[in-house]
Amino acid sequence: DVKVTQSSRYLVKRTGEKVFLECVQDMDHENMFWYRQDPGLGLRLIYFSYDVKMKEKGDIPEGYSVSREKKERFSLILESASTNQTSMYLCASSSRWEGTEAFFGQGTRLTVV
Amino acid sequence: AQRVTQPEKLLSVFKGAPVELKCNYSYSGSPELFWYVQYSRQRLQLLLRHISRESIKGFTADLNKGETSFHLKKPFAQEEDSAMYYCALSGLLSSGSARQLTFGSGTQLTVLP
């Protein structure tokens, strides 16, 4: 059974804190993605990675950074959390082959107070 | 740049009625298109992909390159079809290094008894 696991289901952080969201996949996938999911806005891509230490900005990278030191792990970092980063964060992975599906984690609901 | 547009945020139909969820895309190359579904309290999961030309749970979608559309259709809606549906496009970056997966804003489908 394929698995994408996000380290936390719920997180509450204070404004200005540095926040780490972790994602691990066990499918040996090359691609990994971080999205935020907001009502009415759908899934917006923050960053993605297609190989270890390789990253590409998505549509809304401001205020975020990422790290991919190992193939199976992709971390999203909020350098200084703000209330407008309160959201549901979804991690996904896929192989590099065309037409393959992306597998999603269960999501992390982050609240910044 | 690649973009996916789902014009309807909410769609309600009665059980047994036909349903069509609209999706339009913008992409300069040859797109790969998908429909993903998220049932209540479940992970986002793949419903179907255009490359397979398959029917899943009675749903079909045809890629129309002339109209840049990939609408999702089902002739007879069921109550268990109630969910959030996302159209997605996988497009090659201009660098050729990777494929970016972009989602639309989603359509919440409610099938009424």
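The values are calculated or read from the model by the stated rules, or taken from the named source; none is laboratory data. Keep in mind that this is a model prediction, so the values were computed, not measured. Reconstructed Cβ throughout: ideal geometry from the backbone, glycine too, with neighbour counts over all protein chains shown. Note: accessible area is taken over every heavy atom of the protein model, side chains too, but ligands, DNA and RNA are not part of it. Shrake-Rupley method; radii C 1.70, N 1.55, O 1.52, S 1.80 Å.
List of remarks:
- Scanning region A:18-36 for residues that are farther than 17 Å from A:Ser67 by Cβ and open to solvent by 50 Å² or more (accessible area, probe 1.4 Å), we see that the one that is modelled with the highest pLDDT is A:Asp26.
- The listed residue being closer than 28 Å to A:Ile60 by Cα, at the interface with chain A (Cβ under 9 Å from one of its Cβ atoms), assigned to a strand (DSSP E or B) and of a type outside the set (Lys, Arg), out of B:Ser90, B:Ser105: B:Ser90
- Residue within region A:24-34 that is more than 12 Å from chain B (Cβ to nearest Cβ), farther than 30 Å from B:Glu8 by Cα and in a strand (DSSP E or B) present: yes
- Residue within region A:69-81 that is loosely packed, with under 14 Cβ neighbours inside 10 Å, touching a Gly at 6+ places or on another chain (Cβ under 8 Å) and among the small types (Gly, Ala, Ser) present: yes
- Residues of region B:1-55 that turn out to be open to solvent by 50 Å² or more (accessible area, probe 1.4 Å), under 23 Å from A:Lys3 (Cα atoms) and away from chain A (no Cβ under 11 Å), as a count: 1
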